[in-house]
Amino acid sequence: MSSPLNVRVADGCLLIDDEPRLLLCASLFYFRIARGQWRERLRAVRESGYTCVDVYFPWNHHELAPGVWDFDGERDVAAFLAAAHEEGLLVLARPGPYICSEWDGGALPAWLPLTEGLRLRDNEPLFLDRVRDWFDRIMPILRDAEAVVAVQLENELDFFDCADVPGYIGALRDMALDHGITVPLIACAGQGDLARASGETRGVLPAANFYPSDDSLAVESVADVYGEWLRARGLPLLVTETNRAHVTLRRLLSTGVRLLGPYLQVSGNDFGFTTGVTNWGDPLALLTSDYDFGGYLSPSGVRRQEFGEGRLLAGLVTALGPALAAAVPADAGELKVRADFPLPDGGPRALALAGGGLLLALANPGGTAGTATIGDSTEVRVPAGSCPFVLLDVPLHGTLIRRATAELVHAAPGLLVFTGDSPCEVVLAPGEGDVVLEYQGRGTSETRVGELRVLFLSRADAAALKGISPEGSPVFDDVEPTVEAPGAPALRRTAFEPVGPATALGAAPVRPERLGAYRGYTWYAAESEPADSFLLHSASDVLSLHVGGRYLGTVTPGGGFARLDGPAGGRVEVRTEIWGHPNFDDARLPALRLGSLRGFDAVTAVRSTRVLGPWRLRSAEGGPPVGAAPAPLAPWGGWITAHRPDDTHYVTDLLPDPGCDSWILHLDGVAAHVEVRVDGVDLGVVNPRDPYIDLTPALDPGVPARLELTLRRRHGESAGEAVLLEGRRASQWSANSADEAALWQAATSTGPGTETDLPVRLAPGELCWLHADLTPFAGRTWTVRLTGERMKLTAWFNGRVVGRLWLPGDPRPSMRGGDPELLTLPASWFAPAGGDRLSLLAESVHRDLPGQLTGIAFGP
């Protein structure tokens with residue numbers, strides 16, 4: 001069965017059923033919205049005037065474990081696509097296999113890297129075999145959906161080091177075609193490399209994602225570069241992602257865009273353990289459960305100011321219809337536009353509408369309002385941060401709009417509706433002679449020009465215009481009732497108990513993914529000798545360390561090493577939380593590499609810390625012949641030379657402590673490039689963001705060895721201090737893991753507990769459950785803000801994780817994507833029979849100070 005839609009590209013236009021269409025496309029993700037709210041959100045998008053939604057389909061949301069698939073209930077994508085069609089929306093489908101979207105692993109299943117030789121996102125047989133399993137399930141659903149207007153393959157591949165882009169994109173194309181996909185296939189570029197993102201693959205349209213500054217004067221000129229290149233090839237300019245502000249969307253539209261997809265207009269939530277880890281920090285950041293970039297709908301569905309702006313832009317797009325959808329850039333220079341504010345680079349933009357006339361954009365992205373003058377006398381007041389459109393000589397429904405400095409928001413036979421927020425005019429030529437209609441920007445005004453009704457609305461009223469009744473009257477949005485937020489619920493406190501049986505691992509820990517734990521928590525235990533500090537090796541994501549019953553701290557090392565002070569000894573316990581797998585590929589930290597595993601490799605009880613030296617020097621500049629004189633001695637990093645780059649080889653001898661089995665070089669404070677070798681064996685380059693190198697593979701207890709460090713500096717970067725950490729690794733490891741369901745079962749089987757009042761205070765490192773009965777809150781969707789400090793909370797609502805929150809204070813890492821203290825309770829997840837329960841797994845995360853929860857506030 002082929003797609004019910006007839007969609008094709010011709011002459012630079014996007015044609016649907018042979019009619020040019022310009023699509024305003026809002027990002028809306030079914031997996032971030034409760035199923036009971038799908039239709040409500042879809043309907044809101046349609047009421048904004050947007051005609052399309054772009055939808056990712058996350059592979060790992062449907063394949064929960066290898067070969068375990070779920071397309072039912074909250075994951076029923078066929079039902080979602082049917083609802084989109086029933087609400088009158090088209091769908092740009094984005095099934096990946098990689099989607100980014102700040103989602104766990106960019107939607108790539110966490111077990112893929114466990115296959116030896118598999119290369120992610122490349123023309124590699126092992127990976128493509130797994131992708132084929134996914135496409136075999138998702139592509140037939142997309143093929144048969146009545147709403148799907150295009151299918152995107154991959155996502156921003158120009159950010160990734162793919163060895164064979166044409167082969168990879170070609171393989172994905174062939175899989176899609178084999179499943180009967182007949183709508184256009186596209187591939188989007190994240191940083192403008194259209195060729196690298198699409199592989200210039202036959203049958204795959206290149207698209208662009210733009211994220212400029214909204215106040216940049218270069219928005220149009222950048223889009224022009226891509227638009228001109230594409231139009232020369234008969235291809236449309238498709239902007240699959242861009243900013244949400246409608247001033248920027250208007251400016252992009254003025255360059256001849258055929259699809260305009262602001263990301264993210266419909267906010268949502270990462271329910272469950274589905275957040276990702278990203279490089280929006282310095283360089284590491286954890287994604288919040290609250291997934292909100294300020295789009296026109298909040299995570300709970302509240303309409304924001306940009307919703308009305310969307311309706312105004314959509315009204316113009318719909319009113320002009322195919323004339324705008326097939327418009328091409330025109331030379332605006334002949335219009336002689338002047339302005340007392342900075343115009344975009346290259347001047348204002350204009351589009352020549354199919355069928356005649358011009359659409360002129362007057363972009364003022366700056367912070368000061370001004371006036372633009374068209375020709376000799378037509379003045380247009382242009383607010384700061386705006387881009388009004390002016391119509392010139394446009395035929396529409398039997399009437400010629402000679403000039404309109406008021407903006408068109410609706411057009412139908414016998415009715416034109418305009419808006420403005422300052423004095424403006426519309427000049428019509430219905431026959432012989434012109435009719436000039438003026439509007440002062442306030443209230444409602446109606447005039448008849450022959451059989452034509454011309455209605456003027458204030459900009460605020462036009463932004464609330466829901467439609468026109470069959471009788472021709474404007475219909476406005478209903479006034480939202482004021483919601484009285486309830487007070488904080490009563491809390492009960494119960495003890496946290498270990499979850500699940502332990503599995504013996506042996507001498508070393510095993511990464512969670514290798515234990516079949518792809519999300520959630522894993523608790524590790526081992527035995528260690530006493531020490532003054534302990535070193536976690538190659539550790540990610542969130543790890544809390546207890547030794548001998550003493551809490552030593554919670555860290556987020558980004559896949560690097562973390563040293564925590566003791567003194568302690570005995571039983572080692574490491575609580576590891578998979579916050580998420582990286583949604584992006586970044587070499588600055590190990591945990592940011594796409595396909596990297598979570599957990600840690602070892603825990604060393606540090607016996608001694610010694611500063612290394614003395615160092616013998618071998619300079620890259622040369623030196624005396626061997627045997628002519630002793631090599632110079634210098635402290636680490638202390639050799640002075642005017643040569644740049646400064647390549648100096650520092651050599652020292654080591655005698656590893658015979659009572660140790662772990663040796664780690666720490667270049668504390670290093671900012672330069674350092675290469676490490678032991679007895680001629682290359683051990684790698686020190687990462688200044690993780691300045692440790694494990695020397696253990698090249699050393700033996702009590703056996704002398706030679707350590708050589710090559711220091712390369714261009715601008716006098718710090719070499720730091722060279723320190724050797726010696727110790728013994730914890731052993732006799734065991735582990736037990738718990739996913740969302742297991743933890744909910746533990747939360748609901750802890751007994752009645754004790755009533756507790758806010759604030760709730762927990763000792764450093766303490767965990768407990770906090771429970772609240774939310775039955776009285778049923779009936780609507782709520783946002784819940786938790787306030788306090790030095791506490792991390794995971795929230796379950798009626799069996800589902802609805803948020804992972806991290807309250808302010810050390811050691812909270814960078815948190816991005818939304819509000820780190822906010823969660824959402826969907827109305828449809830309240831139980832019909834009552835008994836609604838919110839359970840918080842509360843963890844105090846500061847090493848020395850208590851954590852506290854001081855408030856729980858509900859809102860719309």
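What the table shows:
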quantity	calculated
Spacing of the two label points (7 Å from each Cα toward its C-beta) at Ala488 and Asp164, in nm	6.0
Distant-in-sequence amide H partners of Gly370 (H built 1.01 Å from N, under 5 Å)	Val382, Ala384
In order through region 538-547: 3J(HN,Hα) via Karplus (6.51 cos²θ - 1.76 cosθ + 1.60), integer Hz, x for Gly, Pro	6, 10, 7, 8, 10, 10, 10, 10, 10, 10
Volume in Å³ per residue [convex hull over Cα atoms, computed for region 693-842]	222
Span-rule helices in the chain, defined as complete DSSP H runs reaching 15 Å or more along the axis (Cα) with Kyte mean at least -1.0	125-144, 165-178, 219-231, 305-320
Farthest positive-ward along region 750-859 dipole, Cα basis, beta-carbon charges - from Val784, Leu849, Trp769	Val784
From phi via Karplus (6.51, -1.76, 1.60), per-residue ³J(HN,Hα) for region 713-729 in Hz, x at Gly/Pro	10, 9, 10, x, 4, 5, 8, x, 10, 8, 10, 9, 9, 10, x, 10, 7
Separation of the Gln191 and Glu379 label points, Cα + 7 Å toward Cβ, nm	4.7
Between region 308-323 and region 516-530, the alpha-carbon center distance in angstrom	56
Gained length - Ala218 relative to Val611, 0.36 nm times residue gap less alpha-carbon distance	136.2 nm
Helix-only mean residue ellipticity at 222 nm for the chain, each DSSP H run of n ≥ 4 adding -39500 (n - 2.57), per residue, nearest 500	-4000 deg cm²/dmol
Translational diffusion of region 335-476, µm² s⁻¹ [Kirkwood Rh, Cα pairs; Stokes-Einstein; 37 °C; 0.692 mPa s]	209
Rg [Å, one decimal], Dmax [Å, integer] - region 7-266, C-alpha atoms	17.5, 50
Cα gyration tensor shape of region 790-860, rounded if a/c is under 1.5, else prolate or oblate by comparing a/b with b/c	prolate
Tail beyond 18 Å, pair distance distribution of region 83-156 (Cα, percent)	47
Distance in nm between pseudo-label sites at Asp72 and Arg571 (7 Å out along the Cβ direction from Cα)	4.0
Length gained when the stretch His643-Arg231 is fully extended (0.36 nm per residue, less Cα-Cα span)	143.1 nm
Alpha-carbon radius of gyration plus Dmax, which is the widest Cα pair, for region 499-737 in Å	19.6, 68
Relative contact order %, region 748-860, counting alpha carbon pairs below 8 Å whose residues are six or more apart	45
Correct choice for Cα extents along the principal axes in Å that was computed from the model, options (1) 98, 81, 50; (2) 104, 77, 53; (3) 114, 77, 63	(2)
Centre separation in Å (Cα based) which lies between region 152-214 and region 87-130	13
Full-extension gain in nm, Glu755 to Ala778, via 0.36 nm per residue minus C-alpha separation	6.1 nm
Charged-residue dipole, Cβ positions (Lys, Arg, Asp, Glu), the chain about Cα centre, Debye nearest 20	580
Three principal axis lengths of region 435-502 [C-alpha, angstrom, descending]	83, 30, 22
Computed log₁₀ I(q)/I(0) - Debye formula, equal Cα scatterers, no solvent, region 1-134, q 0.12 Å⁻¹	-0.58
Region 552-660: C-alpha gyration tensor shape, a/c 1.5 cut-off, then a/b vs b/c	oblate
Lone cysteines, the chain (no partner Cβ under 4.7 Å)	Cys13, Cys100, Cys162, Cys188, Cys387, Cys424, Cys660, Cys768
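Taken together, the values in this text are just the output of simple stated rules run on the coordinates, not laboratory data. Because the structure is predicted, anything quoted here is derived from the model rather than measured. Heads up, the Cβs are rebuilt from the backbone with ideal geometry, glycines too, and the neighbour counts pull from every protein chain shown.
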